[in-house]
Structure formats: structure tokens, C-alpha cells
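Quick notes on the structure that follows.
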Amino acid sequence: MQGRATLVGNLCNGSPAADGVPALVAAGAIVTVTGPNGSREVAVADIPAGPGKTVLKKGELISAVTLPPRGKHGGDAYLRFIPRTEMDIAVVGCAVNLTLDGDRIATARVVLGAVAPTVILVPEAAKAIIGTTLDAAALDKLAAAASAAARPITDKRGTVEFRTEVAGVLARRAAKIAHDRAKGAGK
Ligand SMILES: Cc1cc2nc3c(=O)[nH]c(=O)nc-3n(C[C@H](O)[C@H](O)[C@H](O)COP(=O)(O)OP(=O)(O)OC[C@H]3O[C@@H](n4cnc5c(N)ncnc54)[C@H](O)[C@@H]3O)c2cc1C
């Protein structure tokens, strides 16, 4: 099967650094897996099985992507760090999806890419900002939780130390953008 830069191709490629996957996981996206024995729904987070691998069995393909409604007071953002401005693979990626209840964050999902064999959901980072107004203390806790969850490798694109620090930096920045969007920026 050969497509052209589709979301599902990006997911099934099995790259830990795929740009589309963290945002889909943060948004709570679900895919329909269709194969010889029928169809089943699987959370996007459960599709990657490691570098270059997915949980899809022989004969199965993804036939649909379902995104839950974001809601009126919801916002999300994905940021990645790359050494160049384009045509490059994420050294670290981070997606944040959140909803507001008044001034406070009601729900949040924080997802890191390129810092582990698969994208990782970081509940501790979400916990750091839920119930807050995304004040400085909450952002500090969020960044610390994101860095603590990162399990990167050192390669020619970045060291463990660099990737760990950037995970926190991107979580902080993505959360601010998602928060602004939830408040109506750009709508
Ligand atoms: C020059 C270049 C730059 C790139 N830059 C980036 C980048 O910046 N960010 C990034 O994330 N990636 C990047 N990539 C990687 C790649 O292009 C992406 O992963 C792309 O999104 C793959 O999507 P596609 O639809 O072209 O998939 P394909 O290449 O068609 O497929 C990828 C894999 O997914 C499988 N597949 C596709 N559709 C389905 C389906 N419906 N069900 C089951 N399996 C399926 C295919 O069989 C194949 O194994 C880059 C690649 C190149 C060559």
C-alpha cells in the first residue's frame, strides 16, 4: 500500500518520531482496524509497537480515524524540535490537548514523540496542569514531568540530556499554545 503523506501512513510507518501521531494520541483519536475477521476499534496510542512496528496483524489495515469532538473550550497544539526549518525528523515532539472549565484546565493529555520507542502519553504531566490556570508553578511541574517521562537515546540528532531538556521546554510551549487556543485564539 503506498499513499502520499497520509495520517495513517504516518502512524503505520511505526516511526517513534512521526509528527502526526502525538497530536492524534493527545486528541484521544481512535482508528478502525479492518481485516479478514472484521473490524475493531483501537486507540491510536495502542497501534505503535516499537520502531517500525505496529500491532496490526497480517491482512489488517486501518479503514477510519475517529476524532472525538474537541468541545467549545478545547484547544490543542503540537510542537517539534528539528535542527533545520523543514524536511527533517523530530528530535523531540510534544502534543498537548486540553479543555477549560472557566479559567481552569478541566482535562489535559500530554504526549511526547521521539523520546522513546513509541510515542508516550504522560499522565503526570497532565496532572500537573489540571485544575490550574496554567500559572508559572503549573508550567514548571508540567515541564519537569515531561522531562522525567522521556526515555530517549543519544544519536547523531541529539543526546539523552538534550532531548530530556527539550521535552520539558516543548511541553511548556505547547501547553501555552493549546491554552490560548482553548480560550479562543485563532477561532
Ligand atoms: C523526504 C521525507 C521527509 C519526511 N518528513 C517527515 C516529517 O517531517 N515528519 C514525519 O512525521 N514524517 C516524515 N517523513 C516520513 C513519511 O513521509 C511519513 O511517515 C508519511 O506520513 C507516510 O505517509 P504515507 O501516506 O506516505 O505512507 P506510506 O509510505 O504509503 O505508508 C507507510 C506505511 O504505512 C502503511 N500503511 C499506509 N496506509 C495504511 C493503512 N490504511 N492501513 C495500514 N497500513 C497502512 C504502509 O503499508 C507502509 O508500511 C518523511 C519522509 C520523507 C521521504
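Computed from the coordinates by the stated procedures, all read-outs in this text should not be read as laboratory data. Predicted model only: the values in this text are computed from it and were never measured. Cβ placement follows ideal geometry from the backbone for every residue including glycine, while neighbour counts extend to all protein chains displayed.
What percent does the relative contact order of the range 50-126 come to when contacts are Cα pairs within less than 8 Å and at least six residues apart? Relative CO of the range 50-126 lands at 22 percent. With a Förster radius of 22 Å applied to the C-beta separation of ASN10 and ILE153, the computed FRET efficiency comes to 0.55.
Across the range 77-187, Cα pairs under 8 Å and at least six residues apart give a relative contact order of 27 percent. Choose one answer from PRO16, PRO36, PRO69: the residue with the largest mean-square fluctuation in a GNM of the chain with alpha-carbon springs under 10 Å. Among PRO16, PRO36, PRO69, the largest GNM mean-square fluctuation belongs to PRO36.
Annotation: for a label point projected 7 angstrom from Cα along Cα→Cβ of PHE162, residues of the range 1-43 with backbone N closer than 20 Å are 16-19. Under the criterion of Cα pairs below 8 Å and six or more residues apart, the relative contact order for the range 1-84 equals 31 percent.
Listed peptides 124-132, 154-162 appear in the order 124-132, 154-162 once ranked by packing, highest mean of other Cβ atoms within 10 Å at the front.
Summary of the geometry: the range 94-169 and the range 57-82, compared by the centres of their Cα atoms, lie 18 Å apart. Summarised as an ellipsoid, the range 7-66 has semi-axes of 18, 13, 8 Å, derived from the eigenvalues of the Cα gyration tensor scaled by 5 and square-rooted, with the largest first. When the Gaussian network model of the chain links Cα atoms closer than 10 Å, the mean-square fluctuations of ILE30, ILE120, ILE82 top out at ILE82. Compared with the dominant Cα axis of the chain, that is its longest principal axis, helix 160-182 is turned about 80°. Over the chain, the hull volume per residue, using the convex hull of the C-alpha atoms, is 121 Å³. Under 18 Å from a label point set 7 Å out along the Cα-to-Cβ vector of ALA144, the amide N atoms of the range 99-126 belong to 122-126. Can you count the Lys pairs in the chain with C-alpha separation below 18 Å, eight or more apart or on different chains? Count of close lysine pairs: 7.
Rounded to the nearest 500, what is the 222 nm mean residue ellipticity of the chain from helices alone, with -39500 (n - 2.57) per DSSP H run of 4+ residues and division by all residues? Computed mean residue ellipticity for the chain: -9500 deg cm²/dmol.
Comparing mean-square fluctuations of ASN13, ASN37, ASN97 from a GNM of the chain with C-alpha springs under 10 Å, the top value falls on ASN37. Rounded to the nearest 10 degrees, the inclination of helix 136-149 to the longest alpha-carbon principal axis of the chain is 30 degrees. In this simple spin-label model, placing a label point 7 Å from the Cα along the Cα-to-Cβ direction at both THR32 and ARG104 gives a separation of 3.9 nm.
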